[in-house]
Each structure stands twice: as C-alpha cells, then as structure tokens.
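Okay, structure first, notes after.
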Amino acid sequence: MKTNGKLQDAILEAMALEIKQGPTAKALYVFAIDGKTIAKQLGVQRMTWHSGKLTGFQRQLDKNRVRVIAQYLSKNPVLPNALVVAFKPGTLVFEANANQDPTAPRLGKMRISGKLQEINGTLHPLKEAERIGYVIDGQHRLRAIEESTVQEGEFPVIVSAFNGVDTRFQLDQFYALNQTVPIGTAHLALLRRQLGYEPPPREAYKKAISDVAGILQEMDGSPFAPETHISVPNVYPGPLSITVLEGVIDRAVKNTQLRFDWKQNASDIPVKDLQQVAKGLYVFFKGVSESFPQYWGKKPKDQRLFSAIGLYAMIMFYDRVMSGLDLNSANAVQRVKDKLKPIKDVPWGKMQAVPAAPKSTIRPEHLFDAVNDLWQKDGARPATFKIVDPMSGTSLVDVELHTE
C-alpha cells in the first residue's frame, strides 16, 4: 500500500544574480527556472474580507485573462516579464562565486528547497497555504503557465525573488508595482483584436459585457464606481454585486436601442461601439442616480432602486428616455432627469415586500408596470403606486402619492 501525504524534498538549483538596490535594501535575487516546476512551489495570498478586516493582497483571479495568456503561451512560448515572488525564510540559499566585489551585484548559485506531497505514489503540489513562496506580481502569468500546453522542463521563466520578507514588505511591493497607469479595458479589447485573439462566441459575449462594465466604471463620476457602488466578492465591498451590473448591460444590449451597437459575434464589435454602449448607459443611469439621490448607492435591503429588480426594471425605460438624445450634449444628463420628472416620487424605500432580486413570481416586469402606470399620469397627483403579488393577489406596495 502506498503512503499518502508524505512530504518529499524538491531541490531546485539555478544560476542567480544577487542585487542590493540600496545600502539598507533587501537583497533581490534574479534567476531563470522552469515555469511549470516552480509553479508547483508558489501560491497566492488572495485578498479577503473577514469581520471588517482585510487579509492578503492579491485581487480575484480573472480566469478569462488566464485563458488568453495560456493560449498565447501555448503557441508563442515567450514571457519576458519576471514573476516577483516572496519566498519563506530558509527556502533560498545563495552561494556567491568567489572573487566578486561585495558592493556590486554578485553572480552565484541559488538553491531552492521546495516540497511536494506523495499521494498514491505520485508527487503533487502542497496546499496553497503551505507552499514555499507567494507571488507579489504575476499571478495571472503563473496560472497561465500551468494551464498552457508547454511541457514541464521546457519553458524557463524569470523570477525576481525576495527571501524571508514579512507580509508588510510584500504588501508595500504589491502596492508600488500597481501604481503605474493601468491599461484600460477598451485598450485591452483593441489589443486583443489587433493580435487576433478570438475566444469562443459565448466567452466573447461575456468578455464584451465585462469590457463595457469596465469602461462604464472607469468614467468620471460613474454611477457604478467600484467599491462605492459595486462590490467584487472577497476583494472590496459595495452595496451591489458586479454580476448585477453585468446583468443590466446584458439586458440593455438585448432589449434596447443599444443592440444596434452590438454584433452577433461579439468578437467583431469595435472598441468604439463598446464605448458607445457604455456612454449610453452612463448618461442614462447618471440621470437616474441624480433623480433619486436618496436611494442611489444604498444597500438593497433598504430600498429597491439600487438592486437587481430595480435596475432591471429601469433599463426597460431606456428607449423612452434616450430616444433622440445626443449623448455628447452638455445637457444630456439633465435631459434624462427632465424626462424622469413624472416618476421622481416613486417610493423605492417602501418596497421591502418586493424581492431585491427577481423571483419566479415577482419579475422586473411587475415593477416596470407599476412605474409605467405612474408615468402615464404625467406627474398628476394624488396618484396610487401599487404592486400586486400575481400569485396571491395581495398588495406588496400600495402607496398614495401627493403633490409636494
């Protein structure tokens, strides 16, 4: 019977360069080593929220991004960017060659003391939390190397390594490395097209929706700004999930005039059209957010505008509000607000009986019908705002609205 769980030494060696970038700086070791081999020793300290406290620092893994890099490496095994890694104390031993100036970078031999786990006679990587090193920069490249078809032992990568540094040092390095101006979502989409990357249709559609969301969130004063309005699980908090925003975009490009800027094959959509979709949604929801400031950005449990069912209902009014409107006009947002005046007193805060997310019985269409009925009154008050449960016939919302 084979032994399960037995740890085995995995000693790796490489020629390395030791560099000190200042009199008090931590030594930095640069070496080349097989990518798939070293990947088995490296993990990621994922950023998570627990009881209001932040642990780790790496953002959520973008699986689409990993897939694109892996596809590229499988056809073009070239990766000039170094993985920046913090190794645990005692796992790196550097032996400098003789007769070198100790004040200058030194060449020598690096010995890496890795570990693998024997399970039924086969060696496997340890659990992520038990590995000997953690990526500070390059988690997507690391995972893409693992997913690529390059063979183990045939694809050396560059590693810039720190030895035995604490978590604060790692966090400082991560922060510094991510202060450069990021490539925008639209720019990345353009680069993919220039390079001929074409994901399968379903993935292309999801990626295009995600691209629009990214463009929309990057706009100045966005009504869907990250963290303030939108959350990403285990990364940063916000009152609304990113999946709801992507659901709004999905409904918009299927059911409103924005569909004319959308191609059946999402890979063929020009970047300018993705930007146009984002601009239309920005102007529309900027007007909505300023028309209902007391509800916008609040937690769904407290109101129903800034929730899945509310946003899905409001996007159904897009064509009525945006028809004939010049998105580039200086008063575009104000024109949206003017059109929304007949429904400015929708009691979003009195809808707790309405589910925040669509259910089998209560759909966005039911909320749309109630808002639409109010809109037909063109601001005339008093007026009744009423939503009835279609299954039981009971009133979920029944509010008498009066002129202010």
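I'd like to verify something in the chain: which complete DSSP H helices, judged by Cα projection on the helix axis, reach 24 Å or more and average at least -1.0 on the Kyte-Doolittle scale?
Span-like helices, by this rule, are 201-218, 271-291.
Hey, what D do you get for the chain in µm²/s if you plug the Kirkwood alpha-carbon radius into Stokes-Einstein at 37 °C and 0.692 mPa s?
Roughly 132 µm²/s, to the nearest whole number.
Under the 0.36 nm per residue contour assumption, what length would be gained going from the current alpha-carbon distance of N97 and N372 to full extension?
Full extension from N97 to N372 adds 91.1 nm.
At 0.36 nm per residue, and after removing the present C-alpha to C-alpha distance, how many nm does the segment from Q264 to Q21 gain when stretched out fully?
Full-extension gain reported as 82.2 nm.
Given the rule -39500 (n - 2.57) for each run of at least 4 DSSP H residues, summed and divided by the residues of the chain, what is its mean residue ellipticity at 222 nm, to the nearest 500 deg cm²/dmol?
The helix-only estimate for the chain comes to -10500 deg cm²/dmol at 222 nm.
What's the Cα-based Rg to Rh of region 185-401, Rh via Kirkwood?
Working: Rg = 17.8 Å, Rh = 18.1 Å.
Rounded to two decimals, Rg over Rh is 0.98.
Remind me, relative contact order of region 185-401 in percent, using alpha carbon pairs under 8 angstrom and six or more residues apart?
Reported relative contact order: 16 percent.
Once you put a point 7 Å from the Cα of K359 and another 7 Å from the Cα of D398, both along the Cβ direction, what distance in nm separates them?
1.8 nm
Run down the aspartates and glutamates and flag those whose C-alpha is under 13 Å from the C-alpha of K75, throwing out any fewer than 8 positions away in its chain.
Cα-Cα hits under 13 Å: E147.
In this model, which of K344/K377; K40/K206; K20/K88; K206/K272; K337/K359 are farther than 24 Å apart at the alpha-carbon?
Too far apart for the 24 Å limit: K40/K206; K337/K359.
Quick note: the coordinates plus some simple rules give every number you see, no bench work behind them. In this text, all values refer to a predicted model and were calculated from it rather than measured experimentally. Positions of Cβ are generated from backbone atoms using ideal geometry, with glycine treated the same way; all protein chains shown enter the neighbour counts.
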